[in-house]
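One structure is given below, encoded as structure tokens.
The values are calculated or read from the model by the stated rules, or taken from the named source; none is laboratory data. From a predicted model like this one, the values you see are computed outputs, not experimental measurements. Glycine also receives a Cβ, built like all others from the backbone with ideal geometry; neighbour counts cover every protein chain displayed. To get the accessible areas, we keep the full protein, side chains included, count just its heavy atoms, and leave off ligands, DNA and RNA. Shrake-Rupley method; radii C 1.70, N 1.55, O 1.52, S 1.80 Å.
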Amino acid sequence: MQVHLNPPLEPGSAPRHAAAIVATAADISDAELDYSPESIELVEDIVDGFRAEGVTGEDMAESLVAFGCYVGEILTRHIGGAWGYAPAAHPETVPLVVRLPDARECHPIDWVFGRLEFGADVSIRDPYAAADTGGGPPDGRTPA
């Protein structure tokens, strides 16, 4: 998958991509993304709308990455942690993760792509809740 973001996707640019999708969502659909954990439900609704329209991850890659950055920013603001590069053990994934203070890794960009691909069977709220409670790997992945 080719993603052409400006600025390029890297740990330091993730907050900017999140801010851009907040502005875009407000302009396009009057969606109010406020960086609250509750707003993850709105992200799921938006992604479900993309799915209902029949778009693919390739069609919406830049937007999906930006929504993933937004969810990642919710993680960093409410749970802690920081953006970092994904370990080489997961080359098929988007190259960024959020590392929580307890060293667990979250893959919020992958969560968003999964929601588009599999619909309501893939929750974005559930892995966030798992990260927030501190129980187990939030993605169901084993720690690297």
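Only one of the numbered conditions (1) at pLDDT 95 or above; (2) out of contact with any helix residue (DSSP H, G or I) (no Cβ under 9 Å at 6 or more places or on another chain) is violated by residue 133, and that is (1).
In this structure, does residue 73 turn out to be open to solvent by less than 20 Å² (accessible area, probe 1.4 Å), over 11 Å from residue 109 (Cβ atoms) and either assigned to a helix (DSSP H, G or I) or hydrophobic (A, V, I, L, M, F, W, C) (or both)? It is true that residue 73 is open to solvent by less than 20 Å² (accessible area, probe 1.4 Å), over 11 Å from residue 109 (Cβ atoms) and either assigned to a helix (DSSP H, G or I) or hydrophobic (A, V, I, L, M, F, W, C) (or both).
So which of 24, 56 is part of a helix (DSSP H, G or I) and open to solvent by 30 Å² or more (accessible area, probe 1.4 Å)?
Step by step, each of 24, 56 is checked, and only 24 is part of a helix (DSSP H, G or I) and open to solvent by 30 Å² or more (accessible area, probe 1.4 Å).
The one condition from (1) part of a helix (DSSP H, G or I); (2) surrounded by 16 or more Cβ atoms within 10 Å (Cβ to Cβ); (3) not charged (D, E, K, R) that residue 31 does not meet is (1). Pairs meeting the criteria (first residue in the range 19-40 and in contact (Cβ under 8 Å) with a residue 24 or more places away in the chain, second residue assigned to a loop (DSSP other than H, G, I, E, B) and open to solvent by 40 Å² or more (accessible area, probe 1.4 Å), beta carbons under 8 Å, at least 6 apart or on different chains) are 39/32.
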